[in-house]
Structure formats: C-alpha cells, structure tokens
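Here's the structure we're looking at; comments come further down.
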Amino acid sequence: MCYDFLHSCLVCIFFVIFLLLDIFIQTGFSRVKAGDMASGVGPIESDVVPAEDEELGDFLLLTDRLYDCFFVVGNADQGPTERIGAVKACLMNQSRVFRNMLHDSQLAERGDIMVPDIQPPVFRLLLKHCYGGLENCRSLTAEMTVKLCYAAEKYLIGSLKKKVADRLKPECASEIFPGLHCLVTYNVTELENFITEIVREQTDKIFSSEGFMDIDVDSMVFIVKQETLNCSEVEIWRAVIKWANHKAQSEERLSVREWMSQTLKHIRLMTLSYEDLCKEVLPSGVLSFEEFCQVSARTEQESDTICTLKESRGMFHERWKWWETVTVNHELREKRWSQSDVSYSCLVVGDRSIMLESVTCLGSTALPFQDCYGLNYACQAEIVVSRITDYIASTPAEEPVVVKFNGSANYYEQFTMPTLINGESITLQANSMFKLKISFVTPENNLHPCWLAPTCSDGHTFSHGKFYCSYIYEEGVGWKPSHIVKFQYSYRR
C-alpha cells in the first residue's frame, strides 16, 4: 500500500515537471517568434531611426526593410524600368484602388505589380504623398505636375489632385494650358472656375499664345462650347481651323475634318454673315456641300455634325475684374518729400493674387525759380518688380520683371506709368512680398519728388495687402524713399 502511494506521488511530481517544462518552452518560442516578426516588419535598431534633417516621407522611401509590396514601374520601350518597394498600409489608406489591389481579396495582385504607364520619378512623388511627405507641388514643373495628376487620377487619390490644382492654378492666358488639360482629362474640378473665367475673359490671348496649337481636342471643345467669349464667331472659326491644320500636319493619322469633328458641334456658323461663310468657311473645304447649304440657308433641320444654334454667343466687352485705386496718404509723414533719381517701395500681398496695373508718380519740379507749370517734358523711367524673401537684404526670390516707360509728363503734375509686359499686367502672387524700384533716366533725374518715411513699419493697408512707401534699407544710406504717389491694381472675383 505504501508502495502504491509512493508511486502515485512520483507520477504527480513528474507530470508537474513536464507541464512546467512545456510552458517554459512555449514562452521562449513565442518570444523568439515575436522578435523575428519585429525584425522582419520594422526593426527598432538605430540604423533605421530617421535623421533630423530628413523630410517627412523620405524615411519610408529610403527604408527598404519596411516594404511589404513591390511595383515594377516604367516602360522599357521609353526608358529604364525600376522595381520600387512600398508600405502597403500607407497606400491602402490613401486609395481605394490600392486597397483593392493589395488587400486580401479576389482583386488582389500576386507578386510584383506592373506599372508601365507611369515614370519612376512620378511614382516616387505619389508614394511620398501617400507617406505624408509631399506638402505641395509648387516646386514641380508644369509637365511633371500633369504627369503626377495622371497618377492621382489612375489611383483615385483626391487629396493629391487638390495639390496639383494648387500648382496649376493659372493667373493669365499663357499659363492656362496644363491646368485646362488636367481639368478636361482628369476631372480636376478645383480648376474649373479659374480656367473658365480666363477662357471667357482672355479668349483672344489664348488663341495667340504659344501653347495653343498643342492643346488636345477636349481642351478645344471646352473653349468653343462656352456661352460667352471675348472673340467674334469668325475669329473663333479662324483659330480652330488654324489649330486643326496644325494638328493634321504634325499628326497625320487624322484629317482636318476629323480633328474638327467635335468642335464643329459648338461653333455657331449660322450666326456668320453670308460673306464670311463664303470667304472664311467655304474655302477651307471642311463642310460638305449639304452642310454648307444648311448653314447658309439657316434651316431648322437638326444635325449631328454641325451646330445649328442661330443665337449669337455672348461677347465680353469688359474684363471680369473689380478695379480699385489705392492712394498712399503722404500727409501724415513728418518729411513730405526730397528729390532723387531712384526710389524703392514694397508691396506685401495678402491671401489673394493681384494684378499690378500702374504706378503714379509726381512730375518733375523743374529748376528753382523757373515757372514750368503746365509745360510738358519727355520722361523715361524703369520699373523693376522683384519678389523678395528677406525684409532687410531684399534678396530676389526669382528673376525680376522690368518695365520700361518712355513717354511724357507735365511738371508738378501726377503722371501714370502702366506696368504691362506683352500687354498683360504684372501678377503679384498671394502671400508674397515684392520690391518696386523706380529709376528715372531723363535730364530731370534729380528733380522728381520722392516721398520720405522715418521707418518701414508704418505701412498703408489696402484691400489685398499692405504698401510701404519707404521700405528697402541700403547700407550707408538708410531707408530708401519712394516716388510712388499711388498705384492701381485689379483682382478677379
């Protein structure tokens, strides 16, 4: 009986020891496995800690041990391809397309994902946005931004399209074409109001711009389908036929008529006079005999190939701008004026871009004791507009804009100098600071009054910013005075 009792005790002791050993082994294995998983997914060693000077997003772009999916980017026929790794979770968080592509589902890709229609630099920018490191697209060229817009549309990343829209927002007719392409092709609706306004207001300048001949069919249709333009219908026809001829010559796959097939549905040929139809439309050979007869007779018959509207398109006789003249109040100054041939001023623009139209100065005071009131003299001046980043040093942020004035002025009277480049006003971008330097090169150089201010802190507020009539500091001279009595600017709605 004692033997049986001892045997039972020994069995129990061995069983407890076995359980303890099993628990110890399982615990150790779990720790090793957790360590392996950590090292496989994201090690915490110091070799992957982001450097302090790294931009946000670069850490994930440069740390390949974190990648859990791979893309083969580029087309071998157009350039070298590149295998680019990525962090799956970041991509799925930004895009439903990536979510379907990478998540465990029937649509998920297996192995490396081929991306032949996007270039490697563009795809890296897209990844940087998904990682939270692409603050804006302002440093990109317009061409690169359009390519990035294609990638954003392909993967349905709306937040990236907004950054593209901010970069491509046009200020004038010559800047409209990249944004117009993205609007009509990739549905960047944030650009629609800006582009529509410029198209309606500056149609003639768009037609004469260098990039007009290279626009695509959808962009041309967007222009000619507007209810209001600042060109006559015959001018619209001339521009479109010139564009179609250029396209047919450079891309021989389509004829002139085929290039115009969509635009003909929006050009209001029935509003043209019979003389214009015979002089402008008939010689082009674009319309068939039946179509020309229908247009010239202005029949009520509907057509699938040409526009049958008989109402004239709305014409823009004035620009869609509100004008405001800002006058600097010099009466509050302790020192009214001195005389100099060079002066400086500063414009600090608020959160809305403005168009600087002109600056007004006071005419020469002539020689002492000489009665020159009402007399006229030749006046030559140079206005240099520079965007600056540093208050004191006034370091130019980019190449300055130079405007020449060669006209006449009356002694003792105000005269206005337009600030136009190729017929367009100078654009002063929002949230920026600009230095205005005026130099006179006439015999009356030293006789032009310039307004003095004791400090640079007393600026004059206007609707979209602040103007300092004495701002730029010059070593050994002090705060430079300003010739400007007032300036005129405009802004879009």
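Read-outs: derived from the displayed coordinates by stated rules, not from any lab. Predicted model, so just to flag it, every value in this text is computed and none were measured. Cβ sites come from the backbone with ideal geometry, for glycine too, and all protein chains shown count toward neighbours.
Data for the structure
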| item | result |
| --- | --- |
| Under-5 Å amide H pairs with residue 375, H placed in peptide plane, nonlocal only | 411 |
| Pair residue 431, residue 375: separation of 7 Å Cα→Cβ label points (nm) | 5.3 nm |
| Percent breakdown of C-alpha pair distances by 10 Å bin, ordered from the shortest bin, for the range 205-276 | 19, 56, 24, 2 |
| Simple spin-label estimate for residue 261 and residue 228 in nanometres, 7 Å along Cα-Cβ | 3.4 nm |
| Segment residue 278-residue 315, extension gain: residue separation times 0.36 nm, minus the distance between their alpha carbons | 11.0 nm |
| Contour minus Cα-Cα distance for residue 77 and residue 216 (0.36 nm per residue) | 47.6 nm |
| Cut-off 19 Å (backbone N to label point 7 Å along Cα→Cβ of residue 308), residues of the range 251-281 | 261-272 |
| Pairwise FRET efficiency - residue 290 versus residue 238, Cβ, R0 = 25 Å, nearest 0.05 | 0.60 |
| Total formal charge among the other residues, if their Cβ is under 15 angstrom from that of residue 294, Lys/Arg +1 and Asp/Glu -1 | -1 |
| Potential extension, residue 299-residue 143 segment - 0.36 nm per residue separation minus Cα distance | 51.6 nm |
| Residue 357 long-range amide H proximity, modeled H, under 5 Å | 488, 489, 490 |
| Nearest-0.05 FRET efficiency for residue 442 and residue 246, computed from C-beta distance (R0 45 Å) | 0.45 |
| In Hz, Karplus ³J(HN,Hα) per residue of the range 346-358 (6.51, -1.76, 1.60; θ = phi - 60°; x = Gly, Pro) | 9, 10, 9, 8, x, 8, 9, 5, 10, 10, 6, 8, 6 |
| Calculated FRET efficiency for the pair residue 399/residue 103, C-beta based, R₀ 30 Å, to 0.05 | 0.05 |
